[in-house]
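See below for the structure under consideration.
The values are calculated or read from the model by the stated rules, or taken from the named source; none is laboratory data. Fair warning: this is a prediction, and the values are worked out from it, not measured in the lab. Counting neighbours? That spans all protein chains shown, and the Cβs are built from the backbone with ideal geometry, glycine included. Just so you know, the surface numbers come from the protein's heavy atoms only, side chains and all, with ligands and any DNA or RNA stripped out. Shrake-Rupley method; radii C 1.70, N 1.55, O 1.52, S 1.80 Å.
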Amino acid sequence: MASHEAKHTISVLVENEFGVLTRVAGLFSGRGFNIESLSVAPTLDDSISRMTIVTSGDERILEQITKQLNKLIDTIKVIDFTDSEYVEREMALIKVQATEDTRAEVLRIVDIFRGNVVDVTARSYTMEITGAPSKIKAVIDLLKPIGIQEIVRSGPVVLGRGAKGWNG
Amino acid sequence: MKRTGSQILLESLLQEEVDTVFGYPGGTVINIYNDLLDYPIKHILTRHEQAAVHSADGYARATGKVGVAIATSGPGATNTVTGIATAYMDSIPMVVITGQVPTPLIGNDAFQEADIVGITRSITKHNYLVKDVRDLSRIVKQAFYIARTGRPGPVLIDLPKDVQLATTEFAYPESVELRGYKPTISGNVRQVEKAAKMIMAARRPVLYVGGGATASDAGKDLIAFAELLQTPVVTTLMGMAAFPTGHPLSLGMLGMHGTYYANMAVTNSDLLIAIGARFDDRVTGRVAAFAPKAKIVHIDIDPTSIKKNVRVDLPIVGELRDVIGKISSKLQEDKDQIAALSEHTAPWRSQIDSWRAQYPMTYKSSDKVIKPQYVIEKIRELTREDAIIATEVGQHQMWTAQFFNFCHPRTFLTSGGLGTMGFGLPAALGAQVACPDRQVIDISGDGSFQMNSQELATLVQYKLPVKIAILNNNFLGMVRQWQQLFFDRRYSQTPLDVPIDFVKLAEAYGATGLLADKPDQVESVIRKALDTPGPVLMEFRVDREENVMPMVPAGAAIDEMVLAS
Ligand SMILES: Cc1ncc(C[n+]2csc(CCOP(=O)(O)OP(=O)(O)O)c2C)c(N)n1
Ligand SMILES: [Mg+2]
């Protein structure tokens, strides 16, 4: 089953118009498709926004998702990264309790994962970690026993590998 | 010269060659209505915004042109929702214009504010909130373009009152720039070649035709195609009039209330060619058992329709006439092959003929009580070949599909996808406005009629000679039929026990009312109605518990039909 209900990462280039996010989100909810994460921001051309959506479903559902996304008038391009090479990064900000006896341990973990401490208090560190979602998960697993106060994740963003851009 | 937003809207409608709009005024469109007096655009005042949208829809279905409806903000806009959803499900080209509260008030729960763009997002092909008058002409141009091209559909333009009053220079754009919207028109040549090969190899082919054939005006091409291949044709409810019912290759409608022979043909076919159809669940029955022996070729302008519900062996995205034309030319490259094909499929056609002879479309006639099917047959007999037939939703709709002979495309207006009771009367109204010289008939049920009966007033006001035939069974008949067959005759909330005097109702509005309660009155009532100028309502008191047969029960395969009850 796992391979059937696989995760898929899709980039959608859309007109940077009023309501476009609702159109895309509404399409997913209205047709019963899953959204695991969604991130969106303008591109170099500020009339175009780029969304990165992580979804799951079997082949038939994924085909419907890409077709339905393409059908939206505001959609300029849909890129499904299944079966293609891409780089994937996610960022997390993690606020960890840091007492006398855990401060050093926390810093060591930050170091190993090439994170940065972006805010410090007497009782906490807030760190920034960037990497593939699996790396973020590994950091979280290590920090949990120490005590995570709060966390925010950006959701992954992806780009295809190689020299070409989405429009050639 | 500077113009106001409201004038720019009307100028733009003229540019789109709009001659008629259907609508209902109110506070946020009062400026548009004021300016409308100065423009050569006919406005039809329906008595409900839902009816305005259904009328625009009927106008569009009868002509292929884009229908236009106008409503005020808030309740006016929300009243359009059912009409828009109906048009969306059946891919009808339409532009709906709603007034909106002034932009500074949007989001403040202002008087008569409703987020109609949000509400209609999932039932329009696209929609717009106009925030700047300088965008207005571009948006109207795009709206009409989107509504009528590709797979057609309704587009809504929400126009705040301050934008209607703001001024700018009017210039109508020459062309449409939409980088995200480029429907595929031309069918892929390799796919076309594959289709031709599959057709050549087929021994039991069937063409399965849907509403797309009407939308793309492919009627003639379809007849030529079917005749070239000598292939039997089944249609959906929406595809009904696209291929003449009386054609020797026509097997009528397939699906839940389809003919025995249409469903048997599909179930036993080895090649099913879907043309502008979308494998709705009312068509397929149990999907796993649908056309189990067939390879499926699916031709459609909308890629999302393909492989949505069923497996497809060969998808071809494109405009139907283009694709059918290309397949035909490919096949005609080899005349001998074509002749051979017809020979190879001859046994298949005679097999179908014997199914047809075994269980023809029929009903038990009576000389005591009026059979609803008899009324339909008589209307068919007594009306002109090009009469436009609208229906409501229920048993009467299915009997119309089963017993009326449709000879020309765009003569059958029915809510197929959404199944909206109350659609028929306003749709007939819109069709009559579009085609003043044609006979337009609304075949109605007593339940459905009461969902938009106020439109009798509109018919009378504009002297629209629509003829209404109510098949009165004092029941929400279609639901009652299900209760009878699957719920042990527990008729929960389906008897309509207040006997309504429909004749008097018609007369109260200033229309003519006629009654038939015996079979021998049916013909004379229809004749009289057709001979009477202006709108006429005919009430036929029909057999109350007649059922629509054959029927494929929910969850069954389409060859597992109940043939009689
Ligand atoms: C707006 C709406 N509400 C409810 C239904 C469900 N429905 C389908 S058929 C039907 C009965 C229609 O009764 P009537 O118009 O008298 O037609 P009949 O079946 O009796 O011919 C109902 C309630 C519907 N299709 N549309
Ligand atoms: Mg009824």
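Over 18 Å apart: what share of the alpha carbon pairs of region A:1-63 falls there, rounded to a whole percent?
The calculated P(r) of region A:1-63 puts 39 percent of pairs beyond 18 Å.
Mind ranking B:Ser492, A:Ser37 by accessible surface for me, highest first, 1.4 Å probe?
B:Ser492, A:Ser37
Calculate, in nm to one decimal, what B:Lys504 and B:Arg544 gain on full extension: separation in residues at 0.36 nm each, minus their alpha carbon distance.
12.3 nm
Provide the buried accessible surface between chains A and B in square angstrom, both chains summed, 1.4 Å probe, rounded to the nearest 100.
That pair hides around 1700 Å² of surface in total.
If chain A were replaced by its equivalent ellipsoid, with semi-axes equal to the square roots of 5 times the Cα gyration tensor eigenvalues, what would those be, largest first, whole Å?
Whole-Å semi-axes of the equivalent ellipsoid: 35, 17, 15.
Taking the Cβ of B:Asp90 as the center, what net charge do the other residues with Cβ under 14 Å away carry, scoring Lys and Arg +1 and Asp and Glu -1?
So the surrounding residues net to +3.
Quick check of the Kirkwood formula: for region B:246-301, what is the inverse mean of 1/r over all pairs of different Cα atoms, in Å?
On the way: mean 1/r = 0.0854 Å⁻¹.
11.7 Å is the Kirkwood radius here.
With θ taken as phi - 60° and the coefficients 6.51, -1.76 and 1.60, list the Karplus ³J(HN,Hα) couplings across region B:516-532 in order, rounded to whole Hz; mark glycine and proline as x.
10, 10, 10, x, 6, 8, 4, 5, 5, 5, 5, 4, 5, 4, 5, 8, 8
For B:Tyr462, what is the net charge nearby, where nearby means another residue's Cβ is under 13 Å from its Cβ and Lys, Arg count +1, Asp, Glu -1?
Every neighbour counted, the sum reads +2.
Classify region B:235-365 from the C-alpha gyration tensor, please: rounded if a/c falls under 1.5, else prolate or oblate depending on whether a/b exceeds b/c.
Because a/c hits 1.5 or more and a/b fails to exceed b/c, region B:235-365 counts as oblate.
Pop the C-beta distance of A:Arg114 and B:Asp313 into the FRET formula with R0 = 41 Å and round what comes out to the nearest 0.05.
Using R0 = 41 Å, I get an efficiency of 0.20.
As an exercise, find the ratio Rg/Rh for chain B from alpha-carbon atoms, using the Kirkwood inverse-distance average for Rh.
Values: Rg = 24.3 Å, Rh = 24.6 Å.
With Rh from the inverse mean 1/r over Cα pairs, Rg/Rh is 0.99.
Quick check on region B:404-531: what are the equivalent-ellipsoid semi-axes from the Cα gyration tensor, as sqrt(5λ), descending, whole Å?
After diagonalising the Cα gyration tensor, the semi-axes are 26, 18, 15 Å.
So how many Å³ per residue does the convex hull of the Cα atoms of region B:298-349 work out to?
Spread over its residues, the Cα hull of region B:298-349 gives 100 Å³ apiece.
If you average 1/r over all unlike Cα pairs in region A:23-120 and invert the result, what Kirkwood radius do you get in angstrom?
It is 16.9 Å.
Mind checking the mean number of beta-carbon atoms from other chains within 10 Å of the Cβ atoms in B:303-314?
So the per-residue partner count for this stretch is 3.
At 1.4 Å probe size, with every protein chain present, just tell me what the per residue accessible area of region B:270-311 comes to in Å².
About 35 Å² of surface per residue is accessible.
Run through every distinct alpha carbon pair of the protein assembly as shown and return the Kirkwood hydrodynamic radius in angstroms, one decimal place.
28.4 Å
Computed FRET efficiency, Cβ-Cβ of B:Tyr462 and B:Ala556, R0 60 Å: what is it to the nearest 0.05? Could you put the intermediate results ahead of the total?
Details: r = 46 Å, r/R0 = 0.77.
It comes out at approximately 0.85.
Go through region A:25-38 residue by residue and turn each phi into a ³J(HN,Hα) via Karplus (6.51, -1.76, 1.60, θ = phi - 60°); whole Hz please, and just put x for glycine and proline.
5, x, 4, 5, 5, x, 9, x, 8, 7, 10, 8, 7, 8
Summing +1 for each Lys or Arg and -1 for each Asp or Glu, what net charge is found among the other residues whose Cβ lies under 13 Å from the Cβ of B:Ala556?
Working: positive: B:Arg282, B:Arg286; negative: B:Asp281, B:Asp559, B:Glu560.
With Lys, Arg at +1 and Asp, Glu at -1, the net is -1.
Non-local amide H neighbours of B:Lys42 (under 5 Å, H modeled in plane, Pro and chain starts lacking H): which ones?
Distant-sequence amide H within range of B:Lys42: B:Thr20, B:Val21.
Need one number: nm distance between label points at B:Asp517 and B:Ala289, each 7 Å from Cα along Cα→Cβ, rounded to one decimal.
The answer from the label model is 4.3 nm.
Given the whole protein assembly as supplied and a 1.4 Å probe, what does the accessible area of A:Glu36 come to in Å², nearest 10?
90 Å²
Once the Cα gyration tensor of region B:50-92 is found, what semi-axes does its equivalent ellipsoid get, as square roots of 5 times the eigenvalues, in whole Å, sorted largest first?
18, 11, 7
Rounded to whole Hz and in sequence order, give me ³J(HN,Hα) for region B:401-410 from the Karplus expression 6.51 cos²θ - 1.76 cosθ + 1.60, θ = phi - 60°, writing x for Gly and Pro.
4, 7, 10, 9, 9, 9, 9, 9, x, 6
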